[in-house]
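What follows is one structure encoded as structure tokens, with my remarks underneath.
The values are calculated or read from the model by the stated rules, or taken from the named source; none is laboratory data. Being a predicted model, the structure only gives us computed values, none of them experimental. Note: accessible area is taken over every heavy atom of the protein model, side chains too, but ligands, DNA and RNA are not part of it. Shrake-Rupley method; radii C 1.70, N 1.55, O 1.52, S 1.80 Å.
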Amino acid sequence: MENWITRIVAAICAAGSTALFWTFGMFLAVPWREGRMLKLNMVELQVVGVPLLVALGVGWGALHIVAIADREANPKVYATIRAGLLIAALAAIAGGVSWTHARIA
């Protein structure tokens, strides 16, 4: 039972991380579309950087919580969850970018 509680908490953290990656993608879309990714001012850098850094931290925490339950007992499950979280993060970024592009056009 304890492992399931740990997995549920890790899933909540992973969902939050995915939402933050989506937010990062949403804020990234406009400067990317305008071709000025290397010319961001400080406010834009903060708006883009904060969701990215917080998402990385929460995702890292989610992986460590999953590691408590599955790393030694089920290494294949742990590796699958790591790959799934990476794919979910990339998909969330792409989703945020595409959502913003659909609203701009």
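At a glance:
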item	result
Listed residues I65, I12, I93, most fluctuating in the chain (Gaussian network, C-alpha, under 10 Å)	I12
Length-normalised contact order for the range 1-63 - Cα pairs under 8 Å, 6+ apart - percent	56
Carbon + sulfur, % of accessible area of the chain - ligands and nucleic acids excluded, 1.4 Å	73
Percent RCO, i.e. relative contact order, over the chain, from Cα pairs under 8 Å lying at least 6 residues apart	50
The chain, accessible area per residue, ligands and nucleic acids excluded (1.4 Å, Å²)	65
Mean residue ellipticity (222 nm) of the chain, computed from DSSP H runs ≥ 4 via -39,500 (n - 2.57), nearest 500	-31500 deg cm²/dmol
Rounded tilt (10° steps) of 75-104 against the dominant C-alpha axis of the chain	20
